[in-house]
């Protein structure tokens, strides 16, 4: 089944391949192949190991899964020496089969994950005992992790570093990509297979020194983003403990409040409009958990009425237009999205567990909504559930999640409540957290700015191809009906190059400013003023280092 799955993937991308035997590897008669695939090749002879290392050292590429060479050709335990030496990683553990599946989180903005939503989670079956590993050497890059911060205990930074499930790197002059699971272990919905297929072909491109390209998630020079969502609940006047912090530092905020609670405190709510905008907390029904079949959210007409009445009530109190909601019990469904679209709302922010750590563009009819997932632990978890009353422990827990989102390249959502973090004895932690975000090169923005940026970057189309060993073509198009400007196209050259020149064979094409990072072999194209319907065909010429 494993070999059949590899053949299916390779055929779907029109990649030629040959199935070779053990003796071919032992004799070293495979060095002319661009990639050596080792699918679950746990049992290999000593002669094979010698030839595989020679192949890599001379510039070959290996695409491997699971615990390569942990057994001899006589099925005797050999250990993890080859794994550690070649991949630069240390075995941590195998997954237990008692769990049918495990979520596997992908980092964004890497050569292997270009075009895949940052923080995307794949469902991986455990029947083949997938592997946790830890990166030991800088020549190896961690692409993903198994650790589930929502369900598992432990120090987040440490647990992520010990739970790599995909990695890529170099050995000698060669390259490798390693998956800690088999290709046929991926299960889930159709979208999962689409993005896994992209991960697969990106891996092939990296191993064969072909480029990948995509629009960066965030404006230059940021590597992650954050929004701040103070939530007015019990002890509502504790929000005043936040006002001084917002006034001094001008942190953007979106206040969330139940419109009926706001109606009982109109002066307080209106006074907050100087420091941010508002979202309505709306009751759209109750679910105990995702997949709860005993409870149901309300029908669409009931949800629509609640959304319209709630947003109108809050808009009148604040004298602003309320453009989004937070479901009271955290969950939404298709009826919610249809109701939001009909009501002309812009966004929904939810505790529902989604499959990514970046916003999602939700199109319903001719209306675009922004779906935002709570991507971190809030103060109800940190103070209420964990019982962390020491300010240093609170701060450290927030910083753990910020570091995780930076590692992924995603959106950090700082959600706090008036009856927890905004109490007088705890509120100072907010200022520390916001300072930490800015020190870490995180784009701290408002939900409205986030929506405008995400819709702008999401409408750009990128096409790229290799024309020769020294030229690639990148086409950037704007199919939308409005101008798009100030975004960055990231092109992973996937090989060392120098003396880059950019031109076009189309007259009057605007040539963008660009930067090249020789350490990561990444080219950044700074695109400005791309008009509706416009395309720019860019010829990127370069010299290969070492030629």
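Here, each number is a calculation from the coordinates, and none is a lab measurement. All values derive from a computational prediction rather than experimental measurement. Positions of Cβ are backbone-derived with ideal geometry, glycine not excepted, and every protein chain shown enters the neighbour counts.
Things to note:
- Over the stretch 494-547: Rg over Rh, Cα atoms, Kirkwood Rh: 1.02
- The stretch 47-131: radius of gyration and largest Cα-Cα distance (Dmax), Å: 15.7, 43
- Tilt relative to the chain, helix 447-458 - C-alpha long axis, 0 to 90 degrees, to 10: 30
- Ellipsoid semi-axes in whole angstrom, largest first, where each is sqrt(5λ) of the Cα gyration tensor of the stretch 2-211: 26, 20, 17
- Bridge type composition, the chain - antiparallel percent by DSSP, nearest 5: 65
- Ordering 393, 100 from the fewest to the most neighbouring beta carbons within 10 Å gives 100, 393.
- Relative contact order (percent, whole number), the stretch 459-544, Cα cutoff 8 Å, 6+ residue spacing: 42
- The long axis of helix 391-408 is offset from the longest Cα principal axis of the chain by roughly 50 degrees.
- The stretch 393-547 - Rg and Dmax from Cα coordinates, angstrom: 20.7, 64
- Take every DSSP beta bridge whose two residues both sit in the stretch 224-454; close to 20 percent of them are antiparallel.
- Remark: relative contact order (the chain) = 13 percent; criterion is Cα-Cα distance under 8 angstrom and separation of 6 or more residues.
- Taking every alpha-carbon pair under 8 Å whose residues sit at least 6 apart, the stretch 2-211 reaches a relative contact order of 22 percent.
- Crossing angle, helix 2-12 versus the chain [Cα axis fit, 0-90 degrees, rounded to tens]: 80
- Peptides 524-534, 110-120 ranked from most to least packed, by the mean per-residue count of other Cβ atoms within 10 Å: 110-120, 524-534.
- Here the stretch 459-544 is described by how far its Cα atoms reach on the three principal axes: 39, 24, 18 Å, from widest to narrowest.
- When all alpha carbon pairs of the stretch 3-89 are counted in 5 Å bins from zero, the resulting P(r) reads 3, 13, 25, 26, 19, 11, 3, 0 %.
- When the P(r) of the stretch 224-454 is calculated, the portion above 34 Å amounts to 10% of the C-alpha pairs.
- Legend: ranking of residues 33, 251 from fewest to most surrounding C-beta atoms inside 10 Å; resulting order 33, 251.
- Helix-only mean residue ellipticity at 222 nm for the chain, each DSSP H run of n ≥ 4 adding -39500 (n - 2.57), per residue, nearest 500: -8500 deg cm²/dmol
- Ascending count of other beta-carbon atoms within 10 Å, so fewest first, for 248, 470: 248, 470
- The stretch 218-267 and the stretch 416-479: distance between their alpha carbon centers, rounded to Å: 19
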